[in-house]
1. When you check I45 against the structure, is it crowded, with 20+ Cβ neighbours inside 10 Å and in contact with a helix residue (DSSP H, G or I) (Cβ under 8 Å, 6 or more places away or on another chain), yes or no?
2. Taking V33, is it among the aliphatic types (A, V, I, L, M), within 23 Å of L84 (Cβ to Cβ) and touching a His at 6+ places or on another chain (Cβ under 8 Å)?
3. So which residues in the range 28-42 are part of a loop (DSSP other than H, G, I, E, B) and open to solvent by less than 20 Å² (accessible area, probe 1.4 Å), if there are any at all?
4. List every residue pair whose Cβ atoms sit under 8 Å apart, with the two residues 6 or more apart in sequence or on different chains, where the first one lies in the range 18-29 and is within 12 Å of S4 (Cα to Cα) and the second, anywhere, is open to solvent by 50 Å² or more (accessible area, probe 1.4 Å) and of a type in the set (V, I, T).
5. If a residue must be crowded, with 19+ Cβ neighbours inside 10 Å and over 8 Å from the mean Cα position of the chain (by Cα), how many such residues does the range 59-77 contain?
6. Tell me, which residue of the range 78-90 that is open to solvent by 50 Å² or more (accessible area, probe 1.4 Å) and either under 11 Å from the mean Cα position of the chain (by Cα) or at negative phi (or both) is modelled with the lowest pLDDT?
Amino acid sequence: MTSSTWHAHGNVYLVAESDDYTMAPGLDGAVRVLRIDGDDVNVAIVNPDGSLAEMSGNGTRIVGAWLMERNGSEEARVHVGPRLVRVRRV
């Protein structure tokens, strides 16, 4: 399993590439990567209690930055349920 901890605007999220992860104390949640297709990523946002969140702005920013670093790209498209969020480097 591959995972890493990322920070954004005071929140700390785990980015996990599988569902085999541990929600450590101090995390604001986890972003579970469901599918990657180029600069598109489908994710599920998981709350500290294990429930699914409808959306997280910081979680979305974090996984966008994670994908751009991974791909070396300047933009990422993050799909959270029915939502599409475009993230770009500034």
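The values are calculated or read from the model by the stated rules, or taken from the named source; none is laboratory data. Just so you know, these numbers come straight off a predicted model, no measurement behind them. Here the Cβ positions follow ideal geometry from the backbone for every residue, glycine too, while neighbour counts run over all protein chains shown. Surface accessibility is based on the protein's heavy atoms, side chains included, excluding ligands, DNA and RNA. Shrake-Rupley method; radii C 1.70, N 1.55, O 1.52, S 1.80 Å.
1. Here the answer is yes, as I45 does meet what is asked.
2. no
3. None; the set is empty.
4. S18/T2; L27/T5
5. 2
6. V90
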